[in-house]
Amino acid sequence: MRHRGRNVAEEMSLHRRDNDVSGRAASTQRKKRFHSVLHQLIASVCSFVLFIIVISIPNTEDEQTNANTRGGLNDVNIPPSFVTVVLPSVVNPDNRPLRLDSIAKTWGPASHAVYVVHNSNEYPEGAPIEDGQSHDTTFPQVCLVPETIKFDDGVPRLEYVIRTIHNTIDPDFAFFVNDHTFVLPNHLHQFLKLLDCSKDLYVGHALKGEKETAFNSGASGYVLSRTTMRRLIAEWDKPDSKCSGANVSKWLQGNPGLLTAKCFQEVMGIQLVDTRDKEDGSHKFHAYGLVRTTTGNVDQWYLNKHEHLDSIFGVDGRYHHMPQKGASCCSKDTISFHYVEAAENIAFWNILQTVLQQSDGISDEQIKETMLTQDWPQRPDIGAYSHPLPASQSPIWNDMIQVIRKISSGVTS
């Protein structure tokens, strides 16, 4: 009986062990099936994520092509990446049509000039940007100011122009000059390529009086980015904004450049930039013509407004932020000059092109003789604020010819 009982107990124990083994085997099978399904699910998710990553990778070649086209000077399908807005000069306004015509024959097309006009007869050949022609890259174009804005209404005119340029052309950058400015388009283009239009930008030739807000010379021109124009327009739309001409003094209402400079710095937090050449401290934006800039024979008020630039740019122990004379006056990447009447504009452009095309094949003496004997104007055709060429034996010719040689690359497009 004891022996038989042991057999029954052993059989029962063996049965329980068999059941345990079977249970563990079944459990193992279930785990294997679960893990298999899990692995398949993970693989599917990974495949899906990889697919999303692959289709999201940009076509670098296409994007580079689009980027190059976006910033190109000769694209015909999309707006240019920059325009040069040519505002009316208050100096010698009767000769404005002559200056606009000369700009159209020289630097205007490659600089994407947009003429701001109060009457379409000032430049009838230009396509009005308000008519939806802003995608046409034939320049100059025109921005016709409404009749309600008169010639002396500088603040309303500037506001209208910035709104219109931003809303129609929407360029990355706008270079604001007037019709006495001479622009070197290739240097302007190269300068803008180094900037970021998604950031605020207000750059040019900085000036500052002792107790006044720093500003960029409107004569030599200043650049605004798309972001700055957009933010400025939004600021104008605020009823109590200090950036609006309606809410400031009469004096500021007559000085649109100073009003916008105060707005940028005191309201929008946009500061000026030292744009001088990093190598030699020479300027790129000039408020006078070639002769006065090279000789250094400029107005005292202009020099005075460089004395206080230490307060915004830091101490300049070498040049004290002052314009330099002679061949050091001008950066090789010079962008603009000013007080250039129509005849001088064409003569200046022509000599730069001649030097560029002949390069080392033209001597200094030939450059001087070309300028003296051809179309460079004398008084009164050069205007009251420009100086005539120096006498043939003047030592200033050495410096002036050096300047012409080193900036000549700026006339290419």
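The values are calculated or read from the model by the stated rules, or taken from the named source; none is laboratory data. A quick note: this is a predicted structure, and the numbers were derived from the prediction, not measured. Methodologically, a virtual Cβ is constructed for each residue, glycine included, from the backbone with ideal geometry; neighbour enumeration extends over all protein chains shown. With ligands, DNA and RNA removed, areas are computed over all heavy atoms of the protein, side chains included. Shrake-Rupley method; radii C 1.70, N 1.55, O 1.52, S 1.80 Å.
If you check 288, 302 for being in contact with a His (Cβ under 8 Å, 6 or more places away or on another chain) and either open to solvent by less than 30 Å² (accessible area, probe 1.4 Å) or among the aliphatic types (A, V, I, L, M) (or both), only one passes: 288. Just one of (1) of a type in the set (S, T, N, Q); (2) at pLDDT 95 or above; (3) open to solvent by less than 70 Å² (accessible area, probe 1.4 Å) fails for residue 359. It is (2). The residues in region 228-244 that are more than 20 Å from residue 272 (Cβ to Cβ) and either among the β-branched types (Val, Ile, Thr) or open to solvent by 10 Å² or more (accessible area, probe 1.4 Å) (or both) can be counted, and the count is 8. Within region 101-127, if we keep just the residues that are more than 20 Å from the chain's Cα centre (by Cα) and of a type in the set (S, T, N, Q), the residue that is most open to solvent (accessible area, probe 1.4 Å) turns out to be 121.
Residues that are in a helix (DSSP H, G or I), more than 22 Å from residue 89 (Cβ to Cβ) and touching a Leu at 6+ places or on another chain (Cβ under 9 Å) within region 227-275 comprise 227, 228, 232, 262, 263, 264, 265, listed in sequence order. Read through the list (1) at pLDDT below 95; (2) touching a Cys at 6+ places or on another chain (Cβ under 9 Å); (3) closer than 24 Å to residue 410 by Cβ, then give the number of the only condition that residue 194 fails. Of the numbered conditions (1) at pLDDT below 95; (2) touching a Cys at 6+ places or on another chain (Cβ under 9 Å); (3) closer than 24 Å to residue 410 by Cβ, the odd one out for residue 194 is (2). In region 69-100, the qualifying residues are those that are at pLDDT 95 or above and basic (Lys, Arg), and the one that is surrounded by the most Cβ atoms within 10 Å (Cβ to Cβ) is 99. Across region 328-338, a minimum of one residue is classified as among the β-branched types (Val, Ile, Thr), touching a Leu at 6+ places or on another chain (Cβ under 7 Å) and either surrounded by 19 or more Cβ atoms within 10 Å (Cβ to Cβ) or touching a residue at least 40 places away in the same chain (Cβ under 8 Å) (or both). Taking (1) closer than 24 Å to residue 195 by Cβ; (2) modelled with pLDDT of 95 or more; (3) open to solvent by less than 20 Å² (accessible area, probe 1.4 Å) in turn, residue 259 satisfies each apart from (2).
Restricting region 264-285 to residues that are under 17 Å from residue 207 (Cβ atoms) and hydrophobic (A, V, I, L, M, F, W, C) leaves a set whose member that is most open to solvent (accessible area, probe 1.4 Å) is 273.
Applying the selection to region 276-293, what residues are part of a loop (DSSP other than H, G, I, E, B) and either at positive phi or of a type outside the set (Lys, Arg) (or both)?
277, 279, 280, 281, 282, 286, 287, 288, 289
Among residues of region 159-209 being touching a Ser or Thr at 6+ places or on another chain (Cβ under 6 Å) and of a type in the set (Asp, Glu), the one that is surrounded by the fewest Cβ atoms within 10 Å (Cβ to Cβ) is 200.
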